[in-house]
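I have placed the structure first, in the form of structure tokens, so that the comments after it can refer back to it.
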Amino acid sequence: MKALILKVYPDGNYQSKLFYKQDTISIFPSITILDNGDYFVSGRYSADGDISTRDHLWIVIMDSDLEVVSEKHYMAPEGYLGYWSNTNTIIDEDGHIALVTEVARQYTHYQVADFIMYKFNQEGDTLLSRLYPSWNSSALRSLCPMPGTDSLMMLGRGLLLNGAESMDFMDKDMNISHGIELSAVKGSERQGNNIWLSASEFLMAANRIVDFEGKREYFFSVFRVNTSGEYLQELPLDRPDTLEYRAYRQAMVRANDTTIYVTGHQSYNLGWTTIPSTSVIYLIDIDMNLIGRKSFGGDANYTLWGVAATPDDGALVYGTRYVQAGSYARDIHVWKFLREDFEIITNIEQLPEALPPAKAWPNPARDEVNISLSAFAQGLNVRFRIYDAQGQKYVDKQISVSGNNLRTGIGPLPPGLYVYELEGSDGMKQGGKFLKE
């Protein structure tokens, strides 16, 4: 297994560099762009070729042409088997590289992990390291600087005695001061991704589990959370009757002040499988409104690893395609999306009083559908939702009634039958169906 670096351009072209170390198993999970445009690449490899014990931390600095500038290796601490795959690197307020990863140790008949932190300068020199043994096996989700301070925040599992997911706060020297439990909402693997709304509120993607009528639904949500660990708002991103999880390493990315992309993939909880699956990209805004979604894949089994914003306010989604049962072989896939490809645009307008008798018109529709708002009081806040026949949600946004007609552009919707809902803050509800040709 060889470590590979891909540099993908917005038009789909790419550069690649393969690192071949004989008799090793190697991987690169994290890249940070340095102030001079070079790349700080962190990874690990196993000197004996054993995939379960990657005992060397691997730091490579590369220039913009993917040529190696410097390369260093660090053995796992004494008594540890090797480094696990989760790694996050960021640039802190001092311009240094903060790195958090996990290091494995044997505990009776199974392995557990502890947190290990490093600080590097931008030339790759080691400034400090911290090892945090955990009561329960550690699992890193995300790392980010806290705005307006020189402190850092980590999301993960392992700091608290009960093993719960938590947000953990550390100073610039990576000393952890305390952790706050994040288990108020049922689910796991909460991930921050550095989308801050203020100095004390941020967006977090989280896998979710909901039990109802003797059944269990697996999906993920975007939450607005504060640094006290309070859940302030939830936007569920659910595809009914599926097992779906957010992308593993980078679930969300902010493209501009009003555009956030969120990605997830279908899973069968069977490990690697060749059963075809579909992935999804959601378009939300900073006010937690869902304004579009798009499914992709479906011809093989895909796992999404992350999403990156592009200069044209689009997104690149990257993942792997499992190609051979019983093998480690997987293909790398990158998809490009533009906001206009799937954004559902709505406008409220005042039409003459003689509106068509139907609640939604024209029906069938091709490019636009009009929905009467005449039953709702002016100035009322109303939640507007659109679902397809399978219950997959395409729109979930708040509107303020300032007219009698809601004009909705449905061009990006696939042809088929859709259900819409309007729910006022006063409890008033209205719904119906329309056919997209």
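If Lys and Arg each add +1 and Asp and Glu each add -1, what is the summed charge of the other residues whose beta carbon sits under 12 Å from the beta carbon of M117?
That sum, taken over residues with Cβ under 12 Å, equals -3.
Fully extended, how many nm does the chain gain between Y74 and R383 (0.36 nm per residue separation, minus their Cα-Cα distance)?
105.9 nm
Projected onto the charge dipole of the chain (+1 at Lys/Arg Cβ, -1 at Asp/Glu Cβ, origin at the Cα centre), which of H265, I59, P362 gives the Cα projection farthest towards the positive end?
The residue sitting most towards the positive pole is P362.
Quote the charge dipole size of the chain about the Cα centre in Debye, to the nearest 20; the model charges only the Cβ of Lys and Arg (+1) and of Asp and Glu (-1).
For this selection, approximately 1180 debye.
Could you tell me whether segment 184-340 comes out rounded, prolate or oblate from its Cα gyration tensor? Rule is a ≥ b ≥ c as square roots of the eigenvalues, rounded for a/c under 1.5, then prolate if a/b exceeds b/c, otherwise oblate.
Judged from the Cα gyration tensor, segment 184-340 comes out oblate (a/c at least 1.5, b/c at or above a/b).
For the chain, set up a GNM with springs between Cα atoms under 10 Å and report which of T263, T274, T310 has the largest fluctuation.
Greatest mean-square fluctuation among the candidates belongs to T274.
Along the charge dipole of the chain, Cβ charges K/R +1 and D/E -1, which of T310, A47, G163 sits furthest on the positive end?
Among T310, A47, G163, the one farthest towards the positive end of the dipole of the chain is G163.
I want the local charge near S151. Using Cβ-Cβ distances under 15 Å, sum +1 for each Lys or Arg and -1 for each Asp or Glu among the other residues.
That sum, taken over residues with Cβ under 15 Å, equals -4.
How do K429, K215 rank when sorted from fewest to most other Cβ atoms within 10 Å of their own Cβ?
So the residues, fewest neighbours to most, are K215, K429.
Ranked by Cβ crowding within 10 angstrom, fewest neighbours first, how are L155, L131 ordered?
Ranking L155, L131 by Cβ neighbours within 10 Å, fewest first, gives L131, L155.
Would you please classify the overall shape of segment 149-223 from the alpha carbon gyration tensor, given that a ≥ b ≥ c denote the square roots of the eigenvalues, rounded means a/c under 1.5, and beyond that prolate means a/b larger than b/c while oblate covers the rest?
Verdict is oblate for segment 149-223.
Provide Y268, Y80 in ascending order of the number of other Cβ atoms located within 10 Å of each residue's Cβ, fewest first.
Ranked by crowding around the Cβ, least crowded first: Y268, Y80.
Could you list log10 I(q)/I(0) for segment 208-247 at q = 0.24, 0.28 Å⁻¹, which the Debye formula gives when each Cα is one point scatterer?
Listed by q, the Debye log ratios stand at -0.82, -0.94.
Can you tally the net charge around D241? Count Lys and Arg as +1, Asp and Glu as -1, for every other residue whose Cβ sits under 12 Å from the Cβ of D241.
Within the 12 Å Cβ shell, the charges total 0.
What number, in percent, do you get for the relative contact order of the chain if the mean sequence gap of Cα pairs under 8 Å and at least 6 apart is divided by its residue count?
About 7 percent, as a whole number.
What aspartates and glutamates sit close enough to K433 to cross-link, taking a C-alpha to C-alpha distance under 13 Å and skipping anything fewer than 8 places away on the same chain?
Output for K433: D388, E421.
Tell me, Kirkwood radius of the chain from alpha-carbon pair distances, in Å?
23.6
Which lysines does K172 reach when only Cα atoms under 16 Å apart count, and residues fewer than 8 places away in its own chain are ignored?
Those lysines meeting the cut-off are K119.
Bear in mind that the values in this text are calculations on the coordinates, not laboratory data. No experiment lies behind these values; they were computed from the predicted model shown. Cβ sites come from the backbone with ideal geometry, for glycine too, and all protein chains shown count toward neighbours.
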